[in-house]
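First up is the structure itself, then whatever we jot down about it.
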Protein chains: 2
Amino acid sequence: MGGDRGPRCIVSAARRSLSLYPSLHITLVGAADCVEPLLTPADLASGRIVLRPAREQILADDPPASVLRGKRDASMRVALQLVRDAEVDGCLSAGNTGALMVLARSVLGTLDGVRRPAIMAALPVSGKLCHVLDLGANVDCPAEQLFEFALMGSAAAAQLSGNSAPRVALLNIGSETHKGNRQVRDAAALLASCAQLNYIGHIEGDGLFRGEADVVVCDGFVGNVLLKASEGLAGYLQAELRAAVAGSRLLRWLAPLVLHATRAVRERHDPARYNGASLLGLRGVVMKSHGAADEAAMVAAIGHTMRACEVRLPERIAGCVQEYRAAL
Amino acid sequence: MGGDRGPRCIVSAARRSLSLYPSLHITLVGAADCVEPLLTPADLASGRIVLRPAREQILADDPPASVLRGKRDASMRVALQLVRDAEVDGCLSAGNTGALMVLARSVLGTLDGVRRPAIMAALPVSGKLCHVLDLGANVDCPAEQLFEFALMGSAAAAQLSGNSAPRVALLNIGSETHKGNRQVRDAAALLASCAQLNYIGHIEGDGLFRGEADVVVCDGFVGNVLLKASEGLAGYLQAELRAAVAGSRLLRWLAPLVLHATRAVRERHDPARYNGASLLGLRGVVMKSHGAADEAAMVAAIGHTMRACEVRLPERIAGCVQEYRAAL
């Protein structure tokens with residue numbers, strides 16, 4: 001059990017989720033001496049929350065390559081083994097993303113026909129969700145890999161959002177076909193010739209936030225910069241507005257009214273609601289929570305993990321990839 | 001004379017700039033039949049605003065490669081020739097960015113020791129400016145090119161902001177040295193060994209908006225996505241807030257008070273104030289305005305062009321690059 005806020009936050013979120021979802025069972029994987037004292041007799045009596053002890057932990061600065069060799073009893077590895085052994089339906093981690101990806105590939109393996117898994121998250125834009133991948137698992141992506149991301153992202157978005165033909169776009173620096181680097185231009189050609197996808201062409205960073213696509217494909221370097229910059233800018237603008245409120249006697253006085261009137265907007269963009277990025281292309285459901293997630297954000301991520309298990313996301317993606325290969 | 005709003009907006013901005021800056025002289029380059037009717041007898045009598053006719057125009061969708069061969073009398077080319085022939089000190093265009101870059105390289109040439117020019121803009125973060133380059137001129141950048149961007153960006157930021165040792169950072173998807181693609185890792189090694197720069201290491205998208213660096217270096221694909229996504233997100237959040245205000249009787253009533261109290265914040269982030277991206281590495285001052293710039297934004301871009309001319313930006317960058325080559 002990782003995450004910046006430690007096991008106490010995770011146990012509270014687990015308890016809250018059990019009360020929200022009657023069919024849910026949770027296995028906590030972590031150091032027994034840390035987690036056990038946090039569980040109440042009622043938790044244990046319910047039979048819906050159990051502890052699977054693991055003596056080691058992957059740290060935030062453990063290089064992904066080294067976690068493959070060492071720490072055989074790391075909680076992250078044990079949790080993934082529970083998925084592999086079908087003891088649980090899915091795994092959620094708030095730990096080191098790079099380590100989670102390499103361990104998941106090693107323990108679970110990738111789906112047939114998938115070269116590299118990708119990380120996908122949903123951003124709230126214009127009253128709906130925009131699914132963006134890859135967000136950092138793959139820094140240099142040839143065209144075929146970008147194309148695979150599109151297949152996986154489209155299949156996942158269809159399952160998770162109930163939209164059977166999500167609009168798929170390729171992130172680029174201009175809408176014209178001659179724009180972009182070679183990988184993007186070549187991927188565009190592959191996408192344009194794929195009848196299975198609702199491919200709508202190139203999209204730019206501003207188009208993404210105008211809700212012009214349901215799935216946006218990019219390499220992990222670009223996607224990660226986009227995600228972090230968006231988080232940074234939204235946080236910065238919020239801080240500026242807070243400072244303006246604090247600096248004005250009038251606004252300080254009006255703040256409760258303004259907060260009340262803007263509640264719907266703020267809730268629609270509450271980062272906690274969108275916590276939970278899917279690792280797609282693996283033989284099992286693996287979800288990544290933001291390391292800094294609080295209880296509400298962790299509850300949201302647990303809900304997203306449940307949903308991915310319910311729709312059997314890996315099987316759906318495998319089916320979509322096979323359908324494409326069969327049509328070649 | 002390009003730009004989405006046509007010559008009328010540019011002529012108004014020119015007139016307003018002449019009244020703001022007593023030392024300014026402006027040569028308008030464009031179609032005589034469009035521009036002449038917009039000039040008043042007072043404009044012409046002042047001698048500070050003149051028209052240099054050009055019969056052709058580069059269009060927004062002209063591929064950059066084709067503008068090199070055709071349209072010998074395009075206003076963009078003529079304006080750059082005026083810089084080359086020292087008839088003016090600098091050129092500002094609101095036209096096709098790709099065309100401006102290839103024409104500027106062809107007409108003016110690059111500075112000694114500079115492989116490729118880059119586009120740099122200043123973003124307002126945490127009460128100061130963060131200079132980001134490249135923003136789209138170069139989509140695939142080897143490490144040496146990223147290093148050159150750092151040299152040019154640092155020299156330019158020092159001149160434009162008066163900070164003699166601007167903090168230079170490399171945009172990456174993690175702060176650890178093993179993160180990122182090969183180009184970024186190799187560029188980091190070059191930067192770390194350069195005594196001439198105040199290099200502070202990797203920066204992520206969120207760190208940029210926390211004001212952790214004065215100059216942020218990235219390839220043009222990543223920079224363009226970052227810039228457009230930031231514009232898109234800021235616009236989207238603004239629209240959401242406007243909708244919240246419109247949807248609440250209370251907020252509609254309070255709007256004038258809230259607008260008054262938040263004026264300083266809004267002015268600090270007014271996109272118009274930051275209009276004007278520098279094309280660095282050329283033998284002359286070339287500035288790019290946003291195509292959609294209104295009069296205020298165009299006035300700001302004219303001011304930035306003047307400032308780049310006053311500090312002799314190309315000579316300063318050339319000096320900085322030569323100093324580095326001499327120390328090798």
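The values are calculated or read from the model by the stated rules, or taken from the named source; none is laboratory data. Owing to the predicted nature of the structure, the values given are computational and were not obtained by experimental measurement. Note that we place each Cβ from the backbone using ideal geometry, even for glycine, and neighbour counts take in every protein chain shown. For the accessible areas, the whole protein counts, side chains as well, though only heavy atoms, and no ligand, DNA or RNA atoms are used. Shrake-Rupley method; radii C 1.70, N 1.55, O 1.52, S 1.80 Å.
The single condition among (1) modelled with pLDDT of 95 or more; (2) within 21 Å of B:Arg316 (Cα to Cα) that B:Arg15 does not satisfy is (2).
Can you find, within the range A:170-183, the residue that is nearest to the other protein chains (Cβ to nearest Cβ) among those that are of a type in the set (D, E, K, R) and assigned to a loop (DSSP other than H, G, I, E, B)? Reasoning before the result, please.
First, pick out the residues of the range A:170-183 that are of a type in the set (D, E, K, R): A:176, A:179, A:182.
Then keep just the ones that are assigned to a loop (DSSP other than H, G, I, E, B); that gives A:176, A:179.
Values: A:Glu176: 7, A:Lys179: 8 Å.
Across the range A:170-183, the extreme among qualifying residues is A:Glu176.
Does the range B:321-328 contain at least one residue that is open to solvent by 20 Å² or more (accessible area, probe 1.4 Å), modelled with pLDDT under 95, farther than 18 Å from B:Gly95 by Cβ and outside any helix (DSSP H, G or I)? Looking for residues that are open to solvent by 20 Å² or more (accessible area, probe 1.4 Å), modelled with pLDDT under 95, farther than 18 Å from B:Gly95 by Cβ and outside any helix (DSSP H, G or I), one finds at least one in the range B:321-328, hence yes. Scoring B:Ala192 on the criteria (1) more than 25 Å from A:Gly235 (Cβ to Cβ); (2) in contact (Cβ under 8 Å) with a residue 24 or more places away in the chain; (3) more than 13 Å from chain A (Cβ to nearest Cβ) leaves a single failure, condition (2).
Collect the residues in the range B:208-219 that are of a type in the set (A, V, I, L, M) and either more than 15 Å from the chain's Cα centre (by Cα) or within 9 Å of another protein chain (Cβ to nearest Cβ) (or both), keeping them in residue-number order. Before you say what the answer is, go through the steps one by one.
Initial filter on the range B:208-219 (of a type in the set (A, V, I, L, M)): B:208, B:213, B:215-217.
The answer is B:Leu208, B:Ala213.
A quick yes/no check of all residues on (1) more than 21 Å from B:Val132 (Cβ to Cβ); (2) free of Cβ contacts under 8 Å to residues at least 40 places away in the same chain; (3) in contact with a helix residue (DSSP H, G or I) (Cβ under 8 Å, 6 or more places away or on another chain); (4) surrounded by fewer than 17 Cβ atoms within 10 Å (Cβ to Cβ):
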| residue | (1), (2), (3), (4) |
| --- | --- |
| B:Leu250 | yes, yes, yes, yes |
| B:Leu257 | yes, yes, yes, yes |
| B:Ala264 | yes, yes, yes, yes |
| B:Gly276 | no, no, yes, no |
| B:Met298 | yes, no, yes, no |
| B:Leu313 | no, no, yes, no |
| B:Ala318 | yes, no, no, no |
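Please determine, by comparing only the residues of the range A:260-279 that are under 30 Å from A:Cys91 (Cβ atoms) and in a helix (DSSP H, G or I), which one is farthest from the other protein chains (Cβ to nearest Cβ). Steps first, please.
Of the residues in the range A:260-279, the ones under 30 Å from A:Cys91 (Cβ atoms) are A:267-279.
Narrowing the set further to residues that are in a helix (DSSP H, G or I) leaves A:267-268, A:271-274.
Values: A:Glu267: 11, A:Arg268: 8, A:Pro271: 12, A:Ala272: 17, A:Arg273: 15, A:Tyr274: 14 Å.
Among residues in the range A:260-279 that are under 30 Å from A:Cys91 (Cβ atoms) and in a helix (DSSP H, G or I), the one farthest from the other protein chains (Cβ to nearest Cβ) is A:Ala272.
Residues in the range B:109-120 that are open to solvent by 20 Å² or more (accessible area, probe 1.4 Å) and on the phi < 0 side of the Ramachandran plot were compared, and the one that is modelled with the highest pLDDT is B:Thr110. Exactly one condition in (1) touching a residue at least 12 places away in the same chain (Cβ under 8 Å); (2) over 19 Å from A:Ala318 (Cα atoms) is false for A:Ser161; which is it? Result: A:Ser161 fails condition (2) only.
Residue count for the range B:171-212, restricted to those that are touching a His at 6+ places or on another chain (Cβ under 9 Å) and farther than 18 Å from B:Leu151 by Cβ: 9.
Only residues that are among the β-branched types (Val, Ile, Thr), surrounded by 15 or more Cβ atoms within 10 Å (Cβ to Cβ) and out of contact with any strand residue (DSSP E or B) (no Cβ under 6 Å at 6 or more places or on another chain) were counted in the range A:4-48, giving 2.
Evaluate the following for A:Leu190: is it more than 30 Å from A:Val107 (Cα to Cα), touching a Phe, Trp or Tyr at 6+ places or on another chain (Cβ under 6 Å) and open to solvent by 50 Å² or more (accessible area, probe 1.4 Å)? The answer is yes for A:Leu190. A residue that is assigned to a helix (DSSP H, G or I) and touching a strand residue (DSSP E or B) at 6+ places or on another chain (Cβ under 8 Å) cannot be found anywhere in the range A:240-259. Of all residues in the range A:122-136, those being at the interface with chain B (Cβ under 10 Å from one of its Cβ atoms), assigned to a strand (DSSP E or B) and open to solvent by 10 Å² or more (accessible area, probe 1.4 Å) number 2. Evaluation of B:His290 against the conditions (1) open to solvent by 10 Å² or more (accessible area, probe 1.4 Å); (2) under 30 Å from A:Asn181 (Cβ atoms); (3) away from every other protein chain (no Cβ under 14 Å) shows that the sole unmet condition is (3).
Within the range B:142-152, none of the residues are buried (at least 24 other Cβ atoms within 10 Å of the Cβ), over 20 Å from B:Leu328 (Cβ atoms), within 14 Å of another protein chain (Cβ to nearest Cβ) and at pLDDT 95 or above.
Looking at this structure, is B:Ala99 part of a helix (DSSP H, G or I), at pLDDT 95 or above and open to solvent by less than 20 Å² (accessible area, probe 1.4 Å)? No.
Let's see how each residue does on (1) in a loop (DSSP other than H, G, I, E, B); (2) within 23 Å of the chain's Cα centre (by Cα); (3) more than 14 Å from chain A (Cβ to nearest Cβ):
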| residue | (1), (2), (3) |
| --- | --- |
| B:Asn138 | yes, yes, no |
| B:Ala155 | no, yes, yes |
| B:Val168 | no, yes, yes |
| B:Arg185 | no, no, no |
| B:Asp206 | no, yes, no |
| B:Phe221 | no, yes, no |
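Among the residues that make up the range B:106-115, is at least one of them part of a loop (DSSP other than H, G, I, E, B) and among the hydroxyl-bearing types (Ser, Thr, Tyr)? So that I can check it myself, show each step before the final result.
Of the residues in the range B:106-115, the ones part of a loop (DSSP other than H, G, I, E, B) are B:108-109, B:111-115.
Now drop any that are not among the hydroxyl-bearing types (Ser, Thr, Tyr), which leaves none.
Looking through the range B:106-115, none of the residues is part of a loop (DSSP other than H, G, I, E, B) and among the hydroxyl-bearing types (Ser, Thr, Tyr).
Restricting attention to the range A:223-240 and to residues that are aliphatic (A, V, I, L, M) and buried (at least 17 other Cβ atoms within 10 Å of the Cβ), the residue that is nearest to the other protein chains (Cβ to nearest Cβ) turns out to be A:Ala229.
Looking across the range B:59-94, the residues that are among the basic types (Lys, Arg) and either at pLDDT 95 or above or crowded, with 20+ Cβ neighbours inside 10 Å (or both) come down to B:Lys71, B:Arg77, B:Arg84.
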